[in-house]
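Read the structure below first, then the notes.
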Amino acid sequence: MRNETSELQEIADRYATFAAVEARGSSETYERLAQAVAASTEVLEFLASLPAEKRQPNLFFAAIRHLFGVPESTDQLVGTVRREPAAIRALVLARTTQTNEPARCAVLLPLFARLPQPLALLEVGASAGLCLLPDRYAYDYGAAKLTPPPTDAGAPPVFECRAHGATPIPSTLPKVAWRAGLDLHPIDVNVRTETAWLETLVWPGQEKRLERLRAAIRIAQVEPPRVVKGNLLTDLASLMADAPGGATLVVFHTAVLGYTAKADREQFAQDMRRSRAVWISNEAPSVFPDIARAAPPPARPGLFLLAIDGGAVAWTAPHGEAIDWFGGWIN
C-alpha cells in the first residue's frame, strides 16, 4: 500500500511547482491559490481522494471557479472544499482540462505555412476545434503581421507572438482544404454551457486572452469544425483515411498527450512515424523524452517543445505567446 504521507507530498510538490513555474507571471491569483493548496493538508487530502489523472491544478481550480467563482482568499478556498466536496468532485470527474487555446496557432503557423499546400489538418485532442482554424485568425509577430480576409463572423482575434530572429515567419496564411479533429469529449461551439467551460479554463487576470477566445468561438460558430468523438489509438486511422489525397495530411496536437498514459503516447508516436502524415507535436518536453534529448536547453522552465516528424525545432510559450526557433527544418 502506498504511503499516504508521500502521496500528499507529491501532490503538494505538484501545486508548488505549478505556482512557481506556470502561474508566476501569468496569473497572480492561481499562483497564490496553488501555494495555498500546497500548504493545506485538508485540500491535499481531498485531491488525494480523486483519481490521479484528475488532480491537476487547471482542472481543480476551474471546477471551483465554474461552481463558486474565484476564491478571494486562502481561507475561502479551503472553506469551499470543506463545505462542497461532493459538488467539486462531481464536476472534476465529469470534465477534463480541454483548454482550447487558439493562440497556439501562432507557433504552429511557421510549420503549417511551409508545407506543400493545401493542407488537410487533423488535430488530436481538438476540444472545440479552435486550433483547426489557423487560416481564419490574424497574427502579429512584430516584424510581420498576417490578416485573413473579412468574414461575417466579425473581426478575427489577433495573436501576438514574440518570434526569435531565426523563426521562419510565414508571409502568407496556409491554405486549408480539409480539417477535422478527434477528441474523447468534443465540445460544441454552439452550446453555451460547453463554451462557458472553455472560458472558465482561461486563468484569472488574463482578460485579453479571454477576449481572443471568445472571438475565435464566434468564428467557429459560423462554420463549426468537424470534431469526432474517439480515441487516438483506435479511431485516428479511420479519420485520417477521410482526408483528401490531393492535400498534405498534417496530424498535430498541442498540450494534449501529457494527459495520456506513457504506453499510449509511445504507441501513438510509432503510429505517426509509420503513417503518411506530417506529424507536428507541441508538448511539454517530458512527453517525448527522446525528442527532447536532441533539443538545446530551454531559456526557462515551463516551455513546450515544438517538433515535426519527431525532430525538435523550437521552444514555445504554453499559450502561443512566443517561439524560440533553433531547428534547421525548412521545407
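Between Gln117 and Arg276, residue separation times 0.36 nm minus the direct Cα-Cα distance comes to 55.7 nm. With N counted as the residues of segment 54-194, its alpha-carbon radius of gyration over 2.2 N^0.38 Å works out to 1.32.
What's the center-to-center distance, using Cα atoms, between segment 234-271 and segment 190-219 in Å? When both Cα centres are located, 26 Å separates them. For segment 1-131, a Kirkwood radius taken over Cα pairs fed into Stokes-Einstein (4 °C, viscosity 1.567 mPa s) yields D = 78 µm²/s. Test of understanding: in a Gaussian network model of the chain with alpha carbons linked when under 10 Å, which of Val222, Val202, Val313 would top the mean-square fluctuation ranking? Ranking Val222, Val202, Val313 by mean-square fluctuation puts Val222 first. Amide H to amide H, with H built 1.01 Å from N, Ala255 comes under 5 Å of Asn282, Glu283, Ala284, counting only residues 5 or more places away or on other chains. Count Lys and Arg as plus one, Asp and Glu as minus one, and take only other residues whose Cβ is under 12 Å from that of Gln206; the net charge is then -3. Report the net charge of residues surrounding Asp235, where surrounding means a beta-carbon distance below 15 angstrom and charges are Lys +1, Arg +1, Asp -1, Glu -1. Once all neighbours under 15 Å are counted, the net charge is -3. Stretching the chain fully between Lys262 and Gln221 yields a gain of 11.3 nm (0.36 nm per residue, less the alpha carbon separation).
Computed from point charges on the beta carbon alone (+1 for Lys and Arg, -1 for Asp and Glu), the dipole magnitude for the chain about its Cα centre is near 500 Debye.
3J(HN,Hα) along segment 45-56, derived from phi through the Karplus expression 6.51 cos²θ - 1.76 cosθ + 1.60 where θ = phi - 60°, amounts to 5, 5, 4, 5, 7, 8, x, 4, 6, 10, 9, 5 Hz, with x in place of Gly and Pro. Across segment 241-331, counting alpha-carbon atoms alone, Rg and Dmax equal 13.3, 41 Å. Note on the chain: Kirkwood hydrodynamic radius from all Cα pairs is 20.6 Å, rounded to one decimal. Dividing the Cα radius of gyration of segment 280-320 by 2.2 N^0.38 Å, with N the residue count, gives 0.98.
Over segment 106-248, what is the relative contact order in percent, taking alpha-carbon pairs closer than 8 angstrom and at least six residues apart? RCO, segment 106-248: 35 percent.
For Lys175, the lysines whose Cα comes closer than 19 Å to its Cα, not counting residues fewer than 8 places off in the same chain, are Lys145.
No value in this document is a laboratory result; all are computed from the given coordinates. Worth saying up front: this structure is predicted, and the values here are computed from it rather than measured. Neighbour counts run over all protein chains shown; Cβ positions are idealised from the backbone, glycine included.
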